[in-house]
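In what follows, a single structure is set out as structure tokens and then discussed.
Bear in mind these aren't lab numbers, they're just calculated from the coordinates by the rules spelled out. Treat the numbers as computed from the prediction; the structure is a model and nothing was measured. In this analysis, Cβ positions are derived from the backbone assuming ideal geometry, glycine residues included, and neighbour counts consider all displayed protein chains.
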Amino acid sequence: MSLDPSHAAPRGAGIFFERRELERLLRLYGRMVAAGEWRDYGMDALHDSAVFSVFRRTAEAPLYRIEKRPALAKRQGAWAILGHGGHILRRGHDLDQVLRFFDKGRFSVVD
């Protein structure tokens, strides 16, 4: 019996999120969906990075990409948030610290 190569596990499978990281990302996603800002997400396990993309509408380009690149962990930090045009909005070593980017401007004064 031979295995079809298209169904075999890829060699050197890509980088992916650990359980705690994924829980944190999905908690943020749920909060932003409840606020009406995000509607869809996607995840990619690439050779050198794991990417969590969020969308305002499914058919659009991602609003933000949250990337984990372990190769940069000792230099700039493994975590980065990239905006619509690929601009780095925040980079750091700690996921929770990087995700604080989304907490800015959440509170407003109501008279």
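Values as computed for the structure displayed
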item	result
Ordering of 54-67, 28-41 by burial proxy (mean other Cβ atoms within 10 Å per residue, highest first)	54-67, 28-41
For region 44-52, Karplus couplings with θ = phi - 60° (6.51, -1.76, 1.60), whole Hz, Gly/Pro x	10, 10, 9, 4, 10, 7, 10, 10, 10
Relative contact order (%) - region 19-96, alpha-carbon pairs under 8 angstrom, separation at least six	18
Prolate/oblate/rounded label for region 47-99 (Cα gyration tensor, a/c 1.5)	prolate
Cα shape, region 13-79, gyration tensor, a/c 1.5 rule	prolate
